[in-house]
Amino acid sequence: MNENPMTCAGADAVLLDYFEGMLDARARAEVDMHAATCLRCGSLIRDVNGIRVNAIAIAELTPSRNLWPEIESRIQPRVVPIGVAHRAPVMARWWMAAAAAALIVSTAGVTYLATSGSLSPRVASAPAQRAAGAPDPGVAAPAAGASDPGVAPDAIVSRSPALASRTAGTMPVPSDVQLGDEITRLHVVVSERRAQLDPATVKIVEDNLRLIDAAVKQARAALVRDPASGFLIDQLNSVLEKKVELLRTAAMLPSRS
Amino acid sequence: MDISAPADDSRDVALAAAGDRHAFERLYKSHVNRVFSLCTRMSGSRIRGEELTQDVFVRSWEKLPQFRGDAAFSTWIHRIAVNMVLSDRKNQSRSSKRLVDDDTESVEEPVARAYAPQYGDRMDIAAAIEMLPKGARQIFVLHDVEGYKHEEIAEMCGITSGGSKAQLHRARLLLREALTR
């Protein structure tokens, strides 16, 4: 039997540790013994324990309105300002160019499949395409770029039916060529600047040129089968313009530091 | 602190980290009530709770690519919510001069003195929590409602573990007084 039973003040002093489970067994028993005979301290311990239990089981709240629209408006993709002269936006632009080129390739491919009707005729048209002067897709691209600057596929095509008819099964005649010289010149510039550019950037440029050249070939192949298609001519011209744009950008890239 | 995940979020987390807003909307729907409850109870205001909830989801969208999956997404976003509320509290403290410093109020000062309901009203615990002084309320919510340990609370709040225990004890006594009045 404890000769100095715990008082209310004594219990108050250790209640914090009591609720935290920090008291040793003897001290805890003393508090329990006091609480069993003290209305004030007994009810205090019961009430606090009740609060702890209720807090754990407290219900979740729900917002008064749907918060998603405002959140969604705040998480739109960021717009990168144009004209900031440091490396990251330049690289971002190349990724955009890669995405655009991939879109062009897929569009041209779908167009070709749609106009050729099936896969086998497309395969069969390849030799005829090469015979007509188009570059062999199996030939490796030159080191300075993915496409051959000296080859005529970089010619832009007129939409006039008379000229369009001449594209059937053959390369465009000189009167069709509007961008060929420009592309050739740009290829030379980019080749000369290759050593000054970051290798990763050069690789991205070359990858994009390969994609664009593939799109050019596919569009031309589709035009062989349907030379009067204004849509195909537009597609081809669009891809060629994209190539000029890419080469111009590459020609103006800052040298690596 | 361990919050059990209500569902497997991993696929939506991966998609959202890659920029899929629809996946992130699904995560929002799964977790908004928990986040809102935490923000509202810690801030003591439903309006501020809604604002903070939006901030938490925007912040988590921004940080999602850095989420490594070491903990459950629910635990991760909960931690963001706690940090944002605590940071919000610090900002508010800096921007406005308080008449009474929460942390200097004595335990004996009844919460209901300033916020007292009419005699005979019986408060539920949710309403009583809202009326706690801010410091005591946040520690109470973090420990007794959300299940954080004193060591975790001390780290998040920049106080000692003993300070967290003292604030918790104070909060419980104030709640008792409000609830039994």
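A few points about this structure:
- Heavy-atom accessible area with a 1.4 Å probe sorts B:S37, A:S43, largest first, into A:S43, B:S37.
- Here B:W61 sits with roughly 50 square angstrom of accessible surface, probe radius 1.4 Å.
- Net charge of neighbours whose Cβ lies under 11 Å from the Cβ of A:A101, counting Lys and Arg as +1 and Asp and Glu as -1: 0
- Taken along its three principal axes, the alpha carbon spread of the stretch A:1-73 comes to 71, 23, 17 Å, from the longest extent down to the shortest.
The values are calculated or read from the model by the stated rules, or taken from the named source; none is laboratory data. Just so it is clear, the structure is predicted and the values come from calculations on it, not from any experiment. Reconstructed Cβ throughout: ideal geometry from the backbone, glycine too, with neighbour counts over all protein chains shown. Note: accessible area is taken over every heavy atom of the protein model, side chains too, but ligands, DNA and RNA are not part of it. Shrake-Rupley method; radii C 1.70, N 1.55, O 1.52, S 1.80 Å.
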